[in-house]
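Structure first, commentary second.
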Amino acid sequence: MQHSATFCFHKSLTDFLSPSLKHAAISYKFNGAPAIKDAIEAIGIPHTEVHIIVVNNCQVGFDYSLTDNDEVQVFPFEASREVLKNMLLQKPAQVKFILDVHLGKLAKSLRMLGLDAMYKTNLSDKTIAEIAALEDRIVLTRDVGLLKHRAISYGYWLRSQNSEEQLSEVIKRYNLASEIKPFTKCIACNGDIIQVSKEAVLESLPAKTKEYFNEFFQCKNCKRVYWKGSHYERMIEFIKQLKLP
Ligand SMILES: [Zn+2]
């Protein structure tokens, strides 16, 4: 199936475009998932002229795979920092989330993918805003009003009410496909998970698990033990059906 993406080239990069395309958004048709570098060169701009590429408000590298409906902005070396600041998505250096109450399913899914997702059912809007500010966390919410809170620097309003669609929204918005590391975050408490020896957790294991499994992980915070049993299979299935690029 043929896809299309919109490209905007800035400043001196338009030197390579024909006069009719210089000030227009260029609709680029493609098949599959080509590297963005190839698409840029196919349009006529040599990659050596390109300094910064922004896709859907996030900065990407030359190896980024183009997907359907992407909105691409391409900047040359002389693009001013100020322009870029306005173009780039507001996100902290390290992507960490705090979720509004009622988003428990999304929190579990994010943790399953190894993403830092703080979630508690009893937090007030004020507390969420304070924690977000203190820990540089991105607020995820269905409440537009919460995002207007003065203390919040980073936030995203979830469009869907379905937790799986919400997960896809968040992954796309923050370009997280390459940051997914299953078995690194505790699904129960968001603590860090580390690999541990069988001996270290032997006492807490069900008899069948003791018998059939040898690889174990444990949450540093709540001490919950994980192994690659049926839960792991479900997780792998879950990640597969997300159809990440
Ligand atoms: Zn835990």
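Please treat every number below as a calculation from the coordinates, not as lab data. Since we're looking at a predicted model, the values are computed, not measured. Here the Cβ positions follow ideal geometry from the backbone for every residue, glycine too, while neighbour counts run over all protein chains shown.
Counting only DSSP beta bridges with both residues in segment 1-156, the antiparallel share comes to about 55 percent. For GLY114, the residues 5 or more places off, or on other chains, whose built amide H falls under 5 Å of its own are LYS181, PHE183, THR184, LYS185. Over all distinct Cα-Cα pairs of the chain, the Kirkwood formula returns a hydrodynamic radius of 20.5 Å. The modelled label-to-label distance between THR184 and ALA207, using points 7 Å beyond Cα along the C-beta direction, is 3.8 nm. Cross-link partners for LYS181 among the aspartates and glutamates, with Cα-Cα distance under 16 Å and sequence neighbours closer than 8 places in the same chain left out: ASP116, ASP192, GLU233, GLU237.
With R₀ set to 30 Å, the beta-carbon distance separating THR121 from VAL144 gives a calculated FRET efficiency near 0.90. Here the contact order of the chain, divided by its residue count and restricted to Cα pairs under 8 Å and six or more residues apart, works out to 14 percent.
Could you line up LYS108, LYS22 from fewest to most neighbouring Cβ atoms inside 10 Å? Fewest-to-most ranking of LYS108, LYS22: LYS22, LYS108.
In the chain, the longest principal axis of the Cα atoms and the axis of helix 163-173 are about 40 degrees apart. As a quick test, which of the pairs LYS108/LYS240; LYS208/LYS228; LYS105/LYS185; LYS198/LYS228; LYS11/LYS91; LYS126/LYS148 have an alpha carbon distance above 19 angstrom in this structure? Where the Cα-Cα span goes over 19 Å, the pairs concerned are LYS11/LYS91. Dividing the summed -39500 (n - 2.57) terms of all DSSP H runs of n ≥ 4 by the residue count of the chain sets its mean residue ellipticity at 222 nm at -8000 deg cm²/dmol. In order along segment 226-242, the Karplus-derived 3J(HN,Hα) couplings, from 6.51 cos²θ - 1.76 cosθ + 1.60 at θ = phi - 60°, round to 10, 9, 7, x, 4, 4, 5, 4, 4, 5, 4, 4, 4, 5, 4, 6, 6 Hz, and Gly and Pro are given as x.
Each of ILE45, ILE239 was scored by other Cβ atoms within 10 Å of its Cβ. Listed from fewest to most, they are ILE239, ILE45.
The ranking of PHE217, PHE62, PHE9 from fewest to most other beta carbons within 10 Å of each one's beta carbon is PHE62, PHE217, PHE9. Is segment 205-245 best put as rounded, prolate or oblate by its Cα gyration tensor, with a ≥ b ≥ c the root eigenvalues, rounded for a/c under 1.5, and otherwise prolate when a/b is larger than b/c, oblate when not? It is oblate, given that a/c is not under 1.5 and a/b is not larger than b/c.
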